[in-house]
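As structure tokens, the structure follows; a few thoughts come after it.
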Amino acid sequence: MKPKRVKSSVFVFLLVAWLSIAGGPVGQALAQGKEKVPSHLTAIWEKAAVNFQQGYYDEAIAACEKVIETGEDGDLAEKAYFLLADCYFYKYKPGRASHFLSIVEAYQTAIHKYPSSAEVPRAYLQLGLLYQEMGYDYEALAYFGLVGKNYKNTPYIPYAHFYQGKLCLSARQLDKAEGEFQKVISKFPQSKIIGEAYLGLIEVYIHRKSYEQAAQNLEKLLKFWPDAHQRWPLVLFFRGEVEMAARQYAPARADFLRYINITPNDDKDDLAIYKIAEVYEIEGKIQEAIKLYTFLTNFYPQSEGAVLARYRLIERIKWPDKTMQGGRVSFDARPYLDLTEKLRKYPLAEEAMARLALRYYEAGHAAESISWVQRFIERYPQSEYLASVLDVGQEALSSQARDFLSGRQYVEIINAYRKNDEVITRLKDGTFFYYLASAFRALGIYDSAAHFYYQANKLGVKGEEGLRVLLDWADTAQRKRDYRTAGILLKRLISSSGNKSILEEARDKLGQNYVLASEWREGAHYLAWLVKKNPGDRNPSLLYSWAYCTQRIGAEAETRNILNRLTPLLGEKNDSGSLKTRIAERWVDLGDRQKEKRQFEAAIKDYLAALALAVPPEKRHGIHYKLAGCYEALGKRAEAEAELTAITKTGDEFWKKVAQDRLQGIKLSLVR
């Protein structure tokens, strides 16, 4: 970045005021009533003052030190101490950071030695400027405030207000800055700082985008000083900004160009070039804009204008900055970060931060995107970009949660919820809550899962996932044994339109819900209606639920018909944990009922139907034993003995003993 231009008008006034209060540096007679000092010391002092005015600070320092070394303690020594501090202040201007303590010590020594001196308020102002330059705004404000509070009858008061205004302006405390500048203008209209105060006030209005007020104050300034643009070239820069806002693009370009010509080495020249390029861009003259933006990035690479130009090229003009890596967008974050590192400095920082959150999301870096969303909300709670930034945050959170869920990182989803309160409280979509609920559900924390499914449904989830919210919420309710809620949700889902497989799953779950809730009659009616509505539906699980309900209400004939219809749909799968096992259990139950009614032939058919399916070994022996009882009751002792003999060969010790005892009983009955 170019070295900052020395703004001498303020310091010239301070020097003149200092010299007048001190009694005059060159050839001026000492005030009457003061003790006389040796003429050679007066000559040394005068030489020091002249060298200081001419910028020969080393010579001025040497002369001041000679005066101090004599041990004189009068007016001349007092002037020497304060002038020595001023020499350090201006000598080390290019590198004050490395000589900061030396300058502070020089002023503090002078103030400590002469606390009642008329030089003290000016010294405080200089210290305030020094601390401000070093970035210690709080200390700088304290020094300026000290002058305003304790030295109200000195010519430095308007300067104290002015510097406080500048400090508040740099901190974007615009209301306070406006107040300080207004004090200078209203209370000290004859002050030599009045022009700078108007410029500060105009800058406040420009930052607020109150261009009409900025234009009014520019008009006042030019009315008092028709040559204001010569005195303060910033007038041209600010007028150009006002003209841009009024869409007077040609005059704006002309003012920025005049500003550059008047101040070829000014620290805002790069910004003026940037503004001209921006005007070209607004006018649709993209090639001219690109040339100037590129010029800034090439010839002023470290300048503020170059920082803004790089961002403008990438974000607005879409200079190629993106490449695909592994299916994701890779982008250069530096132009955005350059703006966001100094939020108070750059007018585009707000937009850049908003866009950076989006760019990180597009690049697949959800965590970084969420981090920038949080910073934006904290920094710009009233921004016009807030809605779009919140949308990005919502998408990034949901994307991150989806990745965590697919990786079974359930705790990470819960931690994301706890860490991103600012984003979550402003969510307008329920997708994140859906993933969060799914995490709690996977962990078996069903109360929390149900709560967040409710939140997701309340905010709404787009597309297929919106149906999944209701389906998974119903499943969670079933796991909590809240069958009433599950039924309401499933009925609502079935009545909607959407993904066919999800709706079919919901229909099945509703049938299961009737079973789980022991609402057999309602379940039987619902499932019968559902099967009749979809005669081509060959869903075994659905038919089984129907059979279960009809059996529980005593409709045995209907149950048998459903089971006969269901059995051919089962295929060859004979896993003991499959649907075949459960169907077999229904046949056994039917057989038991028939047996109780002494309808042994019907019971035998039901038991044989059960054995034809997948029945666990420990249950097969029980069915064979029941068959033996039916055969025995019908007088078919041979069949009964065959069933019992089979048990003695394959059963465990318990069933072997039971079967053997039963066989023995049959033989004894024959003897009798």
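Observations on the model:
- Flag for TYR336 being within 29 Å of LEU292 (Cβ to Cβ) and either at pLDDT 85 or above or assigned to a helix (DSSP H, G or I) (or both): yes
Residue by residue, here is whether (1) under 30 Å from LEU590 (Cβ atoms); (2) surrounded by 17 or more Cβ atoms within 10 Å (Cβ to Cβ); (3) in contact with a Cys (Cβ under 8 Å, 6 or more places away or on another chain); (4) in contact (Cβ under 8 Å) with a residue 60 or more places away in the chain holds:
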| position | (1), (2), (3), (4) |
| --- | --- |
| GLY463 | no, no, no, no |
| ASP472 | no, yes, no, no |
| ARG484 | no, no, no, no |
| LYS500 | no, no, no, no |
| ARG521 | yes, no, yes, no |
| LEU527 | yes, yes, yes, no |
| LEU543 | yes, yes, no, no |
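- Qualifying helices (runs of 4 or more DSSP H) (wholly inside region 475-559; at least 1 residues being under 23 Å from GLY460 (Cα atoms) and touching a Lys or Arg at 6+ places or on another chain (Cβ under 7 Å)): 483-494, 500-516
- Residue in region 334-344 that is without any contact (Cβ under 8 Å) to a residue 60 or more places away in the chain, of a type in the set (Lys, Arg) and surrounded by fewer than 23 Cβ atoms within 10 Å (Cβ to Cβ) present: yes
- Looking across region 227-242, the residues that are over 16 Å from LYS192 (Cα atoms) and either assigned to a loop (DSSP other than H, G, I, E, B) or among the charged types (D, E, K, R) (or both) come down to PRO233, ARG239, GLU241.
- Single unsatisfied condition, LYS428 versus (1) exposed (fewer than 14 other Cβ atoms within 10 Å of the Cβ); (2) in contact (Cβ under 8 Å) with a residue 40 or more places away in the chain: (2)
- Residues located in region 41-62, provided they are among the charged types (D, E, K, R) and more than 56 Å from the chain's Cα centre (by Cα): GLU46, LYS47, GLU59
- So ILE262, is it of a type in the set (Val, Ile, Thr), surrounded by fewer than 16 Cβ atoms within 10 Å (Cβ to Cβ) and farther than 20 Å from GLY179 by Cβ: yes
- Scanning region 252-282 for residues being in contact with a Gly (Cβ under 9 Å, 6 or more places away or on another chain), under 24 Å from GLU196 (Cβ atoms) and not hydrophobic (A, V, I, L, M, F, W, C) gives a total of 8.
- Meets criteria (in contact (Cβ under 8 Å) with a residue 12 or more places away in the chain and more than 21 Å from THR42 (Cα to Cα)) for PHE82: no
- Some residue of region 123-138 being in contact with a His (Cβ under 7 Å, 6 or more places away or on another chain) and closer than 30 Å to LYS209 by Cβ: no
- Single unsatisfied condition, GLN287 versus (1) without any contact (Cβ under 8 Å) to a residue 12 or more places away in the chain; (2) crowded, with 21+ Cβ neighbours inside 10 Å: (2)
- Once region 179-193 is narrowed to residues that are part of a helix (DSSP H, G or I) and charged (D, E, K, R), the residue that is nearest to the chain's Cα centre (by Cα) is GLU180.
Residue by residue, here is whether (1) crowded, with 20+ Cβ neighbours inside 10 Å; (2) under 20 Å from ALA610 (Cα atoms); (3) among the basic types (Lys, Arg) holds:
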residue	(1), (2), (3)
GLY629	no, yes, no
GLU632	yes, yes, no
ALA640	yes, yes, no
LEU644	yes, yes, no
THR648	no, no, no
ASP652	no, no, no
LYS656	no, no, yes
ASP661	no, no, no
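- Residue within region 208-215 that is free of Cβ contacts under 8 Å to residues at least 60 places away in the same chain, buried (at least 22 other Cβ atoms within 10 Å of the Cβ) and under 23 Å from ASP269 (Cβ atoms) present: yes
- Selection within region 63-84 - more than 17 Å from GLU105 (Cβ to Cβ) and either under 58 Å from the mean Cα position of the chain (by Cα) or part of a loop (DSSP other than H, G, I, E, B) (or both): THR70, GLY71, GLU72, ASP73, GLY74, GLU78, LYS79
- Residue identified as of a type in the set (D, E, K, R) and surrounded by fewer than 15 Cβ atoms within 10 Å (Cβ to Cβ) among GLU196, GLU219, GLU203: GLU219
The values are calculated or read from the model by the stated rules, or taken from the named source; none is laboratory data. Predicted model only: the values in this text are computed from it and were never measured. All Cβ positions, glycine included, derive from the backbone under ideal geometry; neighbour counts span all protein chains shown.
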